[in-house]
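Let me begin by presenting the structure, written as structure tokens, before commenting on it.
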Amino acid sequence: MKVSAETNMPRNFDFAEAEPRIYEWWLKNGWFKPEAAAADAEPFVISMPPPNVTGSLHIGHALFTALEDLMIRYERMRGKAVLWLPGTDHAGIATQLQVENMLREEGASREEVGYEEFLHRTWQWKEEYGGEIISQLRRLGASCDWDRERFTLDDGLSRAVLQAFVTLWEQGLIYRGPRLVNWSPGLQTAVSDLEVESSEEEVTLYYFRYPVEGGEYLPVATTRPETILGDTAVAVHPADERYRHLIGRRAYVPILEREIPVIADEHVDMEFGTGALKVTPGHDFDDYELGQKHGLTLLNILNKDASMNANAGKYAGLDRYDCREQLWADMDAADLVIKTEAYTTRIPRSQRGGEVVEPMMSTQWYVRIQPLADKAIAAVREGRIKIVPERFEKIYFHWLENIQDWCVSRQLWWGHRIPAWYREKDGDPEGEIYVGIEAPTGDGWMMERDVLDTWFSSGLWPFSTLGWPQETTDLERFYPTQVMETGHDILFFWVARMIMMGLWFMDEAPFHTVYLHGLVRAEGGKKFSKTLGNAIDPLTVVDKLGADPLRFTLITSGTPGNDCHLDETRLDHSFRFINKVWQMTTFINMNLDGEVELGLPPRNDLDLSSRWILSRLHRLIANVQYLFNIYQYGEAGNQILAFMWDEFAPYYLEISKQALYQGSDAQKNIVRRVLVHVQDSCLRLLHPFMPFITEEAWTYLPRAGEALIMADWPQADSGLIDDEVEARMYTYLELVREVRNTRGEYKVDPGRRIRAIAYDKSKTRNLADNVEILRRLCNVDELILIPLNNAEPANAAGIVVGEITLYLPLEGMLDIAEECKRLAAEEAKLKQQLERSAKMLANDNFVQRARPDVVQRERDRMNELEAATAQIQERITSLCQ
RNA sequence: GGGCGAUUAGCUCAAUUGGCAGAGCAUCCGGUUUACACCCGGAAGGUUGUAAGUUCGAGUCUUACAUCGCCCACCA
């Protein structure tokens with residue numbers, strides 16, 4: 001088929017103009033939708049990790065967009081029915097905090113505006129900022145099916161959440177009850193274990209004396225003196241000689257004088273602190289266990305805002321930290337204080353607010369998680385789900401095997417309200433509980449005010465977004481999805497939950513592969529943060545350089561699972577690569593001159609350099625395919641770049657000028673077809689990395705399809721891969737490098753054309769047929785082949801590569817002494833390499849045990865080195881002695 | 001206390017089943033060669049954290065150690 005390309009290609013790629021235009025064009029043609037593929041095409045589905053609705057795009061979003069869009073575009077080009085389903089997450093706590101902050105700035109508060117108005121304001125906020133992140137994703141080129149966009153709080157997904165909750169309830173997997181939870185006093189809600197982050201901090205360890213019946217004292221240490229007020233026992237080790245006599249006696253809570261027992265338990269570490277432990281079951285997870293074991297009273301001394309309650313006696317109403325100070329002063333006055341010392345321990349803080357959380361009794365809703373976890377463990381264990389990189393499987397197992405029941409209720413306003421109703425019974429206002437999708441009939445029912453943990457709804461994401469619990473055609477066709485691509489930081493929060501929920505409700509794993517990327521960090525491994533001012537804003541980069549360089553840099557900067565340190569100089573480099581791709585296309589485009597036959601010319605018509613570039617290209621395609629199969633996208637991108645920039649552009653494009661400018665029509669034709677084939681293949685390979693430039697450049701090549709986004713992914717043709725051709729070409733290129741070097745050393749004007757005289761010892765390799773390589777690459781205008789090496793010219797610099805010797809006559813410029821020095825250096829270099837090869841080949845173990853192809857390669861290398869050494873020695877003999 | 005990752009050129013990072021350690025940036029030298037100065041040609045730069053081991057051969061596999069980072073865990 002003969003095709004012509006667009007002409008008048010612009011000198012530069014105007015990304016600011018082109019990117020939005022191309023994006024709209026793709027969108028308008030429906031190419032982002034799975035329906036664009038053949039009706040019977042195999043589906044490929046990725047559920048986008050829904051960004052927080054209030055968030056603005058940061059570099060992490062850009063990374064997942066780049067990676068997922070790469071996978072999506074690759075599979076689309078492979079002809080699959082591709083669905084990348086986008087959406088946003090209502091992000092309970094995060095969003096509520098933002099809106100509360102906004103209200104605070106207005107001088108109002110959540111309580112003041114009231115429940116209804118607060119939700120109204122939050123929805124407004126969502127409408128205003130929720131769209132922003134979506135449009136920012138579009139700027140990056142995300143080829144999502146926007147018609148299927150979802151939001152975790154929209155009607156369909158809310159329905160899915162209710163259904164899931166009610167089903168779990170009916171299966172007896174949800175219970176409600178008082179438990180010690182991590183309480184966030186500022187947010188006034190329970191948070192799950194995962195939402196608590198602890199880090200080492202400098203605190204004070206307070207030593208004091210616990211009065212014991214009989215006038216004795218038990219020394220005790222604590223980091224939280226205010227919890228003394230909630231003590232319901234003091235514990236010592238049963239074998240502790242120091243305190244054994246006190247076991248069973250009464251102790252008196254300092255200041256409050258409340259009576260509590262002295263108990264014995266092996267849990268107490270005799271070595272630590274004083275060897276005696278105060279027990280506060282109401283505000284410490286360890287002590288809670290201990291309290292259960294010993295039947296201790298459980299006393300709550302805190303209000304929901306972490307001020308002291310009535311159980312704190314005269315301290316009631318004080319903030320927890322004020323109380324700590326006050327109580328300690330009072331104890332000091334009562335002569336109960338021993339000492340204080342600096343101490344480092346882990347302080348639990350809320351992941352969101354950063355405030356210190358308090359273990360506190362509270363009635364919450366829980367999911368009995370073990371049955372779900374068992375299925376999730378089995379799915380990975382049996383290989384139905386693979387995690388990339390594999391090492392995260394171990395982390396995944398460890399977490400699931402030690403999992404605690406999931407506290408799913410949050411005392412927030414923004415979220416899915418738990419579908420439970422209470423009615424008074426026997427004086428208990430919550431004596432009767434009803435759980436169901438619809439409100440119960442009858443009078444006196446009050447709906448639960450708590451909402452569900454955000455991750456409860458995100459756990460359903462892979463199927464709720466496809467219509468579940470309704471049996472939609474989308475659900476039928478697109479569940480399970482294929483790859484879940486997300487950050488390793490939410491492996492537990494999200495990935496594990498999706499796996500559990502998917503297996504539980506759909507009876508099938510939600511995806512077969514989990515690809516985990518690392519965190520993007522600033523130079524020096526520092527975390528990006530606005531306060532440090534070192535954040536790279538993806539939108540600023542897009543404004544300045546376009547989306548393509550950002551995407552290419554993010555993908556080629558890291559390896560799966562590892563954090564990557566983003567280096568801004570790489571962004572510039574990617575930008576320049578994009579220009580390079582454009583310029584290469586420009587060159588080909590301007591040399592087309594009308595119609596071009598698509599497809600490669602017959603192999604017999606191809607000269608060495610053409611065979612070489614095709615061999616290199618198809619080797620590249622095979623490598624890229626291999627790397628894609630093992631999710632090594634970064635390496636694939638780098639190899640494509642290296643091929644184009646270091647092989648195709650500097651060598652083949654240059655050599656092709658000989659045919660294009662001076663060749664016959666037939667020669668021009670052949671070269672054009674090769675150029676078009678190689679560049680076309682490269683643009684296809686690059687499209688998933690840099691969709692905009694490649695799509696635009698592609699229109700300037702002769703092509704069969706309408707759009708690159710829908711074009712076929714290249715297939716490696718092993719028939720074109722030719723080791724012999726590559727080796728020959730490599731020799732010539734080595735010669736080129738040596739000629740350039742020598743010219744440089746003798747300060748020959750780079751533009752000056754020179755003659756060369758060659759002696760080619762090998763009969764099969766014909767340098768003369770490939771003189772255009774030397775002509776174009778190192779300005780050797782005329783090549784004279786001599787039949788015997790002893791016909792060497794005087795006043796010439798000698799260059800030896802393998803079996804070829806090349807003389808550059810440098811009339812008048814040659815300094816014999818210099819030349820001899822140069823030759824001696826060359827000889828030394830060769831000798832060193834030769835010794836290495838000889839040593840290896842002299843080793844019988846190597847020859848016998850190494851892979852045959854490795855041995856053969858070494859033999860070939862040694863033969864070349866020997867030939868070269870012989871020739872250079874001849875040259876030294878004749879010139880220098 | 002357990003587990004994981006990292007350690008490679010001055011800096012940021014690669015290196016596909018073990019087979020001559022590579023890029024970008026920075027440095028040095030030379031270039032307005034009709035696609036590209038957003039470029040081209042050349043150079044320099046390394047005992048792959050340390051010490052052993054396995055192997056014909058180790059950046060890659062094993063063990064120990066060091067430094068940094070992360071995750072998990074109930075020492076007040």
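Numerical summary
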item	result
Of the GluC sites (Glu not before Pro) in region A:439-507, those whose Cβ has at most 11 other Cβ within 10 Å and which sit in DSSP loop	A:Glu471
Phi to ³J(HN,Hα) by Karplus 6.51 cos²θ - 1.76 cosθ + 1.60 over region A:278-287, Hz, x for Gly, Pro	7, 10, 10, x, x, 9, 7, 5, 5, 5
Residue-wise HN-Hα coupling along region A:542-550, computed from phi with Karplus coefficients 6.51, -1.76, 1.60 (Hz; x: Gly, Pro)	4, 4, 7, 10, x, 6, 4, x, 4
Coil-residue trypsin sites (Lys or Arg not before Pro) of region A:678-758, DSSP, other Cβ within 10 Å capped at 12	A:Lys747, A:Arg752, A:Arg753
Contact order relative to length of region A:389-533, as percent, for alpha carbon pairs under 8 angstrom and 6 or more apart	20 percent
Check: region A:505-657 dipole with +1 on Lys, Arg Cβ and -1 on Asp, Glu Cβ, in debye	400 debye
Computed magnitude of the charge dipole of chain A (debye, nearest 20; Cβ of K, R +1, Cβ of D, E -1)	2680 debye
Anisotropy class of region A:800-846 from Cα gyration tensor, a/c 1.5 cut	oblate
Kirkwood estimate for region A:52-162, i.e. one over the average of 1/r between Cα atoms, Å	15.7 Å
Distant-in-sequence amide H partners of A:Glu430 (H built 1.01 Å from N, under 5 Å)	A:Lys425
Rounded, prolate or oblate (a/c below 1.5 giving rounded, otherwise prolate when a/b exceeds b/c) for region A:396-542 by Cα gyration tensor	prolate
Distant-in-sequence amide H partners of A:Arg150 (H built 1.01 Å from N, under 5 Å)	A:Gly87, A:Thr88
Overall form of chain A per C-alpha gyration tensor (a/c, 1.5; a/b vs b/c)	prolate
Dipole of chain A [Lys/Arg +1, Asp/Glu -1 at C-beta], most positive-end residue of A:Ser574, A:Tyr730, A:Met102	A:Tyr730
Farthest toward positive dipole pole in chain A [+1 Lys/Arg, -1 Asp/Glu at C-beta], among A:Leu608, A:Asn843, A:Trp146	A:Leu608
Computed [θ] at 222 nm, helices only, for chain A once each DSSP H run of length n ≥ 4 contributes -39500 (n - 2.57)	-13500 deg cm²/dmol
Heavy-atom accessible area ranking, 1.4 Å probe, most first, across A:Asp646, A:Asp69, A:Asp155	A:Asp155, A:Asp646, A:Asp69
Rounded to the nearest 20 debye, dipole of region A:301-379 from Cβ charges on Lys, Arg, Asp, Glu	540 debye
Within the accessible area of chain A (1.4 Å probe), percent carbon and sulfur	47 percent
Amide H within-cut-off set for A:Val514, under 5 Å, with H built and near neighbours excluded	A:Lys386, A:Ile387, A:Val388, A:Met484
In sequence order, calculated HN-Hα J values of region A:303-310 (Karplus, 6.51, -1.76, 1.60; Hz; x Gly/Pro)	7, 5, 9, 6, 8, 6, 9, 4
Orphan Cys of chain A, criterion: no other Cys C-beta under 4.7 Å	A:Cys144, A:Cys323, A:Cys407, A:Cys564, A:Cys682, A:Cys778
Percentage relative contact order, chain A, counting C-alpha pairs under 8 Å, at least six apart	13 percent
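The values are calculated or read from the model by the stated rules, or taken from the named source; none is laboratory data. Quick caveat: nothing in here was measured; it's all calculated off a predicted structure. As a convention, Cβ positions derive from the backbone with ideal geometry for all residues, glycine included, and neighbour counts pool all protein chains shown. We work out accessible area using only protein heavy atoms, side chains counted, and drop any ligands, DNA or RNA first. Shrake-Rupley method; radii C 1.70, N 1.55, O 1.52, S 1.80 Å.
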